[in-house]
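To start, the structure itself, in structure tokens.
The values are calculated or read from the model by the stated rules, or taken from the named source; none is laboratory data. Bear in mind the structure is a predicted one, so any value in this text is a computation, not a measurement. Don't worry about glycine lacking a Cβ; one is built from the backbone with ideal geometry, like all the others, and counts go over all protein chains shown.
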């Protein structure tokens, strides 16, 4: 990515996203927060995250019908995902702010985010 495109991605992310996902109350709010943070990571990774937007709705629908034990697993998974994203997104934003290219490390974090998101959503099929 050119330096200008990287700066545009950084500006877009910092204007629309907090420095890291906050631990929101409620599973749906936490899911929305980690999804927003994931979109920020995708922007820094130069990846189209629009596919993830449909996962936000499906997560909310899935969580609504989970039994209490499975919902507890989902809450743990979403909380763990937030804890992974917090330092990772902070580091990516710091790198981009200093003019560094955050695309490669952002792609690694994006892959981790996608794997965790798939695992959490798969709880609905159990």
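Go through (1) more than 16 Å from residue 31 (Cα to Cα); (2) within 14 Å of the chain's Cα centre (by Cα); (3) surrounded by fewer than 18 Cβ atoms within 10 Å (Cβ to Cβ) and name the single condition residue 115 misses.
Every condition holds for residue 115 apart from (1).
Give me the residue from the stretch 30-66 that is modelled with pLDDT of 80 or more and exposed (fewer than 13 other Cβ atoms within 10 Å of the Cβ) and, out of that set, farthest from residue 95 (Cα to Cα). Can you show your working first?
Filtering the stretch 30-66 down to residues modelled with pLDDT of 80 or more leaves 30-48, 59-66.
Okay, now just the ones that are also exposed (fewer than 13 other Cβ atoms within 10 Å of the Cβ), so 48, 61, 64-65.
Details: 48: 21, 61: 36, 64: 38, 65: 40 Å.
Out of the qualifying residues, it is 65.
Name, by its number, the condition in (1) surrounded by fewer than 20 Cβ atoms within 10 Å (Cβ to Cβ); (2) under 20 Å from residue 92 (Cβ atoms); (3) at pLDDT below 60 that does not hold for residue 24.
Against the list (1) surrounded by fewer than 20 Cβ atoms within 10 Å (Cβ to Cβ); (2) under 20 Å from residue 92 (Cβ atoms); (3) at pLDDT below 60, residue 24 comes up short only on (2).
Please enumerate the residues belonging to the stretch 101-122 that are free of Cβ contacts under 8 Å to residues at least 60 places away in the same chain and more than 28 Å from residue 70 (Cβ to Cβ).
104, 105, 108
Suppose the filter is within 25 Å of residue 71 (Cα to Cα) and modelled with pLDDT of 95 or more; does residue 92 pass it? Steps first, answer last, please.
On the way: within 25 Å of residue 71 (Cα to Cα): no; modelled with pLDDT of 95 or more: yes.
Answer is no for this residue.
Could you list, in sequence order, the residues of the stretch 90-106 that are part of a loop (DSSP other than H, G, I, E, B) and either surrounded by 14 or more Cβ atoms within 10 Å (Cβ to Cβ) or on the phi > 0 side of the Ramachandran plot (or both)?
Of everything in the stretch 90-106, those that are part of a loop (DSSP other than H, G, I, E, B) and either surrounded by 14 or more Cβ atoms within 10 Å (Cβ to Cβ) or on the phi > 0 side of the Ramachandran plot (or both) turn out to be 99, 100, 101, 102.
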